[in-house]
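Data block below; observations after.
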């Protein structure tokens, strides 16, 4: 495989302050995109005028009603795209100039096996510059199969982030794209899991996407996930059809995701109701099971100290996993 062509899909809803930064980063790629598609998701500000003022050849589409999470806008972009690969970028985030070049190189190295490609990313605020956990773990560039990706998800969380992933257009059409009408938030993680289950993922080995976590960006994300009808519904369905080794990892991921969701609700002072923990099993991991049950029963005056110990244990587990992976790579290199 020599030529890797990308369509860049950017949903835009009232991002006048940031959209120029986003689009310029897509225009300025060392590996040029075949097309850049900006979908006006019923903006009421000057976002699209800012794009027009750039004078670049950008495909613009419009929706008359804004859709939660930008899912319908992204799906419109996918359906309209003319390239084999779809790279996603939010209108308030950005890429390094070699982002698409890194993804293209990873796809070529995979030699036709990958249905998706991803990079690491940076999280930027006025006071913070943090690399994503996958980058911090030191994983080298490579192509990871479904089982390997699920194992990495269990080690530190979903390796994908919207602005750092590209997926074959045909794969997106085959697996159903973003879950329009099913969830308001959290649908991206549902799609990432379906993508991982669809085939191997190529990793570029470096952080070339940037998540700008400023006040505007954060406001649009402070909405609770529609947990049960998103990711967990996909897991429930696939547990019935996947091979035992994959199904085992899916149940473990279910426990992990339930724990993360319950922890968020607990920290927010929300009631932890039975539907939140449906699907939690001892077989999916005693550690997460025990922590969830403890949070359901723990008096709130003790929650802050208990929460601190939970987070310390999580960080230690991530460090141990990353150290084990590094030792394994060093041993393999010496053999």
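For residue 150, indicate whether it is in contact with a strand residue (DSSP E or B) (Cβ under 9 Å, 6 or more places away or on another chain) and touching a residue at least 40 places away in the same chain (Cβ under 8 Å).
Details: in contact with a strand residue (DSSP E or B) (Cβ under 9 Å, 6 or more places away or on another chain): no; touching a residue at least 40 places away in the same chain (Cβ under 8 Å): yes.
No.
So, in the range 175-187, how many residues would count as being crowded, with 23+ Cβ neighbours inside 10 Å and part of a helix (DSSP H, G or I)?
1
Quick one: which residue in 23, 19 is within 22 Å of residue 167 (Cα to Cα) and crowded, with 20+ Cβ neighbours inside 10 Å?
Working: 19 fails: within 22 Å of residue 167 (Cα to Cα).
Criteria check complete, one pass: 23.
Which residues, taken from the range 291-335, are part of a helix (DSSP H, G or I), more than 26 Å from residue 135 (Cβ to Cβ) and modelled with pLDDT of 70 or more?
Listed by number, the residues that qualify are 291, 292, 293, 294, 295, 296, 297, 309.
Filter the range 262-293 down to residues that are surrounded by fewer than 14 Cβ atoms within 10 Å (Cβ to Cβ) and farther than 26 Å from residue 239 by Cα, then give me how many there are.
5
Yes/no matrix, rows are residues, columns are (1) in contact with a strand residue (DSSP E or B) (Cβ under 9 Å, 6 or more places away or on another chain); (2) assigned by TED's automatic domain parsing to the domain that holds residue 30; (3) buried (at least 18 other Cβ atoms within 10 Å of the Cβ):
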| residue | (1), (2), (3) |
| --- | --- |
| 41 | yes, yes, yes |
| 46 | no, yes, no |
| 55 | no, yes, no |
| 62 | yes, yes, no |
| 66 | yes, yes, no |
| 88 | yes, yes, yes |
| 91 | yes, yes, yes |
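Being under 12 Å from the mean Cα position of the chain (by Cα), in a helix (DSSP H, G or I) and modelled with pLDDT of 95 or more narrows it down to one of 147, 172, 193, 154, so name that one.
Values: 147 fails: under 12 Å from the mean Cα position of the chain (by Cα); 172 fails: under 12 Å from the mean Cα position of the chain (by Cα); 154 fails: under 12 Å from the mean Cα position of the chain (by Cα).
The unique qualifying residue is 193.
Confirm whether residue 96 is under 30 Å from residue 51 (Cα atoms), buried (at least 24 other Cβ atoms within 10 Å of the Cβ) and either out of contact with any helix residue (DSSP H, G or I) (no Cβ under 9 Å at 6 or more places or on another chain) or in the same structural domain as residue 210 (by TED's automatic domain parsing) (or both). Please lay out each step first, then the result.
Working: under 30 Å from residue 51 (Cα atoms): yes; buried (at least 24 other Cβ atoms within 10 Å of the Cβ): no; either out of contact with any helix residue (DSSP H, G or I) (no Cβ under 9 Å at 6 or more places or on another chain) or in the same structural domain as residue 210 (by TED's automatic domain parsing) (or both): yes.
When the stated conditions are applied, residue 96 does not pass them.
Being buried (at least 20 other Cβ atoms within 10 Å of the Cβ) and in the same structural domain as residue 198 (by TED's automatic domain parsing) is true for just one of 166, 141. Which residue is that? Outline the logic, then answer.
Details: 141 fails: buried (at least 20 other Cβ atoms within 10 Å of the Cβ).
Selected residue: 166, the only one of 166, 141 that is buried (at least 20 other Cβ atoms within 10 Å of the Cβ) and in the same structural domain as residue 198 (by TED's automatic domain parsing).
Answer yes if at least one residue in the range 107-121 is crowded, with 24+ Cβ neighbours inside 10 Å and in a helix (DSSP H, G or I), and no otherwise.
yes
Go through (1) within 16 Å of the chain's Cα centre (by Cα); (2) buried (at least 21 other Cβ atoms within 10 Å of the Cβ) one by one and return the number of the condition residue 135 breaks.
Just one mismatch for residue 135, condition (2).
The values are calculated or read from the model by the stated rules, or taken from the named source; none is laboratory data. In this text, all values refer to a predicted model and were calculated from it rather than measured experimentally. Methodologically, a virtual Cβ is constructed for each residue, glycine included, from the backbone with ideal geometry; neighbour enumeration extends over all protein chains shown.
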